[in-house]
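First the structure, in the form of structure tokens, and then the observations on it.
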Amino acid sequence: MSTSTLAAHNRSRWERSVVLFRMLLRDPYATVSVIFLLMLVACAVFGPFYLWEPATNMDLGKRNLPPFSLAHGFLYVLGADSLGRSMLARIVVGAQTSLAIASGAVLFSMIAGGLIGIFAGYVGGWTSTIIMRLTDVIISFPSLLLALIVLYIIGPNLFNVVAILGFGALPLYIRTARAETLEIRERMFVSAARTLGVGTFAIIVRHVLPLVAPTLTTVAAINFAGVILAESGLSFLGLGIQPPDFTWGAMVAAGRQYLQTAWWLSFFPGFFIMLTTLSLNLLANWLRMATDPHQRWRLSIARESER
Amino acid sequence: MLQFILRRALNSSIALVGLLVAVFVLTRMTGDPASLYLPAEATAEQRAAYADQMGYSDPIIVQFGRYVEGLLHFDFGTSMRQQRSAMEAVMEAVPTTILLSSLAFSITLVVAVAVGALAASRPGGIFDRMATTISLVGASAPDFWVAIVGVLVFAVALNLLPTSGMGGPQYWVMPVIVVALRPTGLLTQVVRGTMISVLSSPYVKTAKAKGLGHRAVLGHALRSSWLPVITVAGDMAVGMINGSIIAETVFGLHGMGKVLIDAIMQRDFAVVQSAVLIIAIGIFVLNILIDVLYGLVDPRIRYNK
């Protein structure tokens, strides 16, 4: 490829992302979601360095401090929990754990599920049948129940929680990757590679994987909100990650016993779970529309067509 | 059709057996029941005797054989904690869960189809945008948090509904809504999406061109959007068990989820297995029902693959 065509290719790619960005700005919901998520990620990554102290230091003088008062400084604007720890700081620290677990689980199931699915689709035959039957087993059993049983047995540490959450999402990726692979397998360049004697492993890595990966990424974006909800549900039932680490779900559970006297202990962490999943869903919705040529016009002419 | 259903049933029963084996092995790994059911000062010999007596010292394959043998003449084992038939303890909780999930499922289906179809009839309109936003919020809400906020608002602040427990209809309002909320949000989006694509298909345009009224057109389109709705609704019914566990925990209902969680915590193996068996059979029946529904809704499905 000559340098000039490469430059043209890059430019068109750049232009495409500019177009996409303009389309994003035109959708107020999606714009707000992106801003919220970016802020959240920034807080989750850098916040705990500064806020670890107020999030974990007990101060009985500030027990169940009510929210929306700046008397004790901005850190206590969302109140304090039953041990006098700043709710705002705890939400930021909890965000880091929640997001880290969810991203770990999504990454794990995307990679493992993708590889298993591609393998099943490419090899076919009875291996594929067995794999698909096993995914049926996973699907036909309530994921939360399975996670509860398994975590109770192997113990809820960080690795196990990530693994079991990822395990629950596996069927989604296996099915998607397999379906895609079934189609790609029949294409000319794959047959050509096979005829030239390229090994199965090399074909999968070099020819199938790059084509399946974008689809899996989209699935992951849609799946992320679901995994966050699943994780928080587990933590809420007490089988998520254990103290001293905590996630938003565990904070909601901890606040339950003070429901009558200090509603903000349960309310705010859950509210942030919802803001996060809502933003992710809004963004995924927009992404689906923006990448689907049949629906794209809705975004570009949405404003003019208002009745 | 019968042959198709039989084949599907065979396929699903493989899944069922796989699940039972997995749960059997997994529960045996939860730890030694002797340490939980004998006093702390029990000697090693007493523990061994207890394990022998209950059959826990045999190899796991022998234990499994015994379990399957029991299943064949409907012996599901004895609950160690409650000293009675494990199945009895589980069956007691079944009506609660069935009532909870079937109420929630009906609400989900009715609301989602009505709202989704109406929203799709005028895409981009006021109602559509409201429905889309609200259904997204519903699909994003963590169910346990909704349950707690519900308690805060309707029980603590307004004193309209009881906080938890079992009893008359007022005890069921919040649990049912909590279980139904997320599925309703998801299904509304599915119905809306399929309806929009069906409404722009040629046969609907023909019907409109021939002067068919708005409502009749909607009815036409609704029929053909049943298929994806049934697919999603089937997955959703399985997911309702997840919601029921949360709702039963928060609202103190004595359902399958509660029984199962308690049994896991107490290492009551027989109860765990019986509960899983019942849930799995329920899902098994549900899957077959869905397959039959497919055939009824879409005659193009020929049942030969």
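The values are calculated or read from the model by the stated rules, or taken from the named source; none is laboratory data. The shown structure was predicted, so the numbers you read here are calculated from the model rather than taken from an experiment. Methodologically, a virtual Cβ is constructed for each residue, glycine included, from the backbone with ideal geometry; neighbour enumeration extends over all protein chains shown.
Tell me whether segment B:166-177 contains one or more residues that are within 13 Å of another protein chain (Cβ to nearest Cβ) and either within 17 Å of A:LEU275 (Cβ to Cβ) or modelled with pLDDT under 90 (or both).
No: zero hits.
If A:VAL162 satisfies every condition in (1) buried (at least 23 other Cβ atoms within 10 Å of the Cβ); (2) within 14 Å of chain B (Cβ to nearest Cβ); (3) part of a helix (DSSP H, G or I) but one, which is the exception?
All conditions are met except number (2).
If you check B:THR133 against the conditions, is it of a type in the set (S, T, N, Q) and surrounded by 21 or more Cβ atoms within 10 Å (Cβ to Cβ)?
The answer is no for B:THR133.
Report the residue count in segment A:43-59 for those that are among the acidic types (Asp, Glu) and part of a helix (DSSP H, G or I).
Residues flagged as among the acidic types (Asp, Glu) and part of a helix (DSSP H, G or I) within segment A:43-59 amount to 1.
From the list A:GLY255, A:GLY233, which one is at pLDDT below 85 and either surrounded by 14 or more Cβ atoms within 10 Å (Cβ to Cβ) or closer than 26 Å to A:ALA179 by Cα (or both)?
Numbers: A:GLY233 fails: at pLDDT below 85.
So the residue among A:GLY255, A:GLY233 that is at pLDDT below 85 and either surrounded by 14 or more Cβ atoms within 10 Å (Cβ to Cβ) or closer than 26 Å to A:ALA179 by Cα (or both) is A:GLY255.
Which residue is nearest to the other protein chains (Cβ to nearest Cβ), if the candidates are limited to segment A:262-288 and must be free of Cβ contacts under 8 Å to residues at least 40 places away in the same chain and more than 16 Å from B:ILE134 (Cα to Cα)?
That would be A:GLY270.
I want to confirm something. Restricting to segment A:258-276 and keeping residues that are polar (S, T, N, Q) and under 16 Å from A:VAL92 (Cα atoms), which single residue is modelled with the highest pLDDT?
A:THR276
Does B:LEU253 satisfy being at pLDDT 75 or above and in a helix (DSSP H, G or I)?
Criteria not met by B:LEU253.
Any chance segment A:219-239 includes a residue that's part of a loop (DSSP other than H, G, I, E, B) and free of Cβ contacts under 8 Å to residues at least 12 places away in the same chain?
Within segment A:219-239, not a single residue is part of a loop (DSSP other than H, G, I, E, B) and free of Cβ contacts under 8 Å to residues at least 12 places away in the same chain.
Just one of B:VAL190, B:VAL153 is assigned to a helix (DSSP H, G or I), within 27 Å of B:VAL115 (Cα to Cα) and in contact with a Pro (Cβ under 8 Å, 6 or more places away or on another chain); which is it?
B:VAL190
Based on this model, can you work out whether B:GLY70 counts as assigned to a helix (DSSP H, G or I) and modelled with pLDDT under 85?
For B:GLY70, the condition - assigned to a helix (DSSP H, G or I) and modelled with pLDDT under 85 - is met.
With the checklist (1) charged (D, E, K, R); (2) more than 27 Å from A:PHE271 (Cα to Cα); (3) within 18 Å of the chain's Cα centre (by Cα) in hand, flag the one item B:ARG122 doesn't pass.
In the conditions (1) charged (D, E, K, R); (2) more than 27 Å from A:PHE271 (Cα to Cα); (3) within 18 Å of the chain's Cα centre (by Cα), B:ARG122 misses (3) alone.
Looking at (1) in contact with a helix residue (DSSP H, G or I) (Cβ under 9 Å, 6 or more places away or on another chain); (2) surrounded by fewer than 17 Cβ atoms within 10 Å (Cβ to Cβ); (3) in a helix (DSSP H, G or I), which is the one condition that is false for B:VAL285?
(1)
Is it true that A:ALA112 is crowded, with 20+ Cβ neighbours inside 10 Å, modelled with pLDDT of 85 or more and more than 10 Å from chain B (Cβ to nearest Cβ)?
Values: crowded, with 20+ Cβ neighbours inside 10 Å: no; modelled with pLDDT of 85 or more: yes; more than 10 Å from chain B (Cβ to nearest Cβ): yes.
Here the answer is no, as A:ALA112 does not meet what is asked.
Can you tell me which residue among A:ALA221, A:ALA213, A:ALA202 is surrounded by fewer than 21 Cβ atoms within 10 Å (Cβ to Cβ), farther than 30 Å from B:MET265 by Cα and over 19 Å from the mean Cα position of the chain (by Cα)? Lay out the reasoning, then the answer.
Values: A:ALA221 fails: over 19 Å from the mean Cα position of the chain (by Cα); A:ALA213 fails: over 19 Å from the mean Cα position of the chain (by Cα).
One residue alone meets the criteria, A:ALA202.
With acidic (Asp, Glu) and modelled with pLDDT of 85 or more as the only criterion, which of A:GLU186, A:GLU180 stands out?
The conditions single out A:GLU180.
Filter segment B:249-300 for residues that are within 17 Å of A:PRO142 (Cβ to Cβ) and hydroxyl-bearing (Ser, Thr, Tyr); which is farthest from the other protein chains (Cβ to nearest Cβ)?
Result: B:SER274.
Give just the number: which of (1) free of Cβ contacts under 8 Å to residues at least 12 places away in the same chain; (2) closer than 30 Å to A:MET251 by Cβ does B:ALA141 not satisfy?
(1)
I need the full set of residues from segment B:82-103 which are modelled with pLDDT under 75 and either assigned to a helix (DSSP H, G or I) or surrounded by 19 or more Cβ atoms within 10 Å (Cβ to Cβ) (or both), in order please.
none
On the basis of being in contact with a helix residue (DSSP H, G or I) (Cβ under 6 Å, 6 or more places away or on another chain), modelled with pLDDT of 75 or more and of a type outside the set (Lys, Arg), does A:ALA55 make the cut?
no
Which of the numbered conditions does B:VAL272 fail, given that it passes all the others? Conditions: (1) in a helix (DSSP H, G or I); (2) surrounded by fewer than 22 Cβ atoms within 10 Å (Cβ to Cβ).
So the condition that B:VAL272 fails would be (2).
To keep it simple, each residue is scored yes or no on (1) buried (at least 20 other Cβ atoms within 10 Å of the Cβ); (2) among the small types (Gly, Ala, Ser); (3) free of Cβ contacts under 8 Å to residues at least 60 places away in the same chain.
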residue	(1), (2), (3)
A:ILE35	no, no, yes
A:VAL41	no, no, yes
A:TYR50	no, no, yes
A:GLU53	no, no, yes
A:LEU60	no, no, yes
A:ASN64	no, no, no
A:SER86	yes, yes, yes
A:ALA89	yes, yes, yes
A:SER98	yes, yes, no
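Only one of these is within 14 Å of chain B (Cβ to nearest Cβ) and either within 24 Å of A:GLY255 (Cβ to Cβ) or in a helix (DSSP H, G or I) (or both): A:ALA102, A:ALA95, A:ALA89. Name it. Spell out how you get there, then give the answer.
On the way: A:ALA95 fails: within 14 Å of chain B (Cβ to nearest Cβ); A:ALA89 fails: within 14 Å of chain B (Cβ to nearest Cβ).
After ruling out the rest, the residue left standing is A:ALA102.
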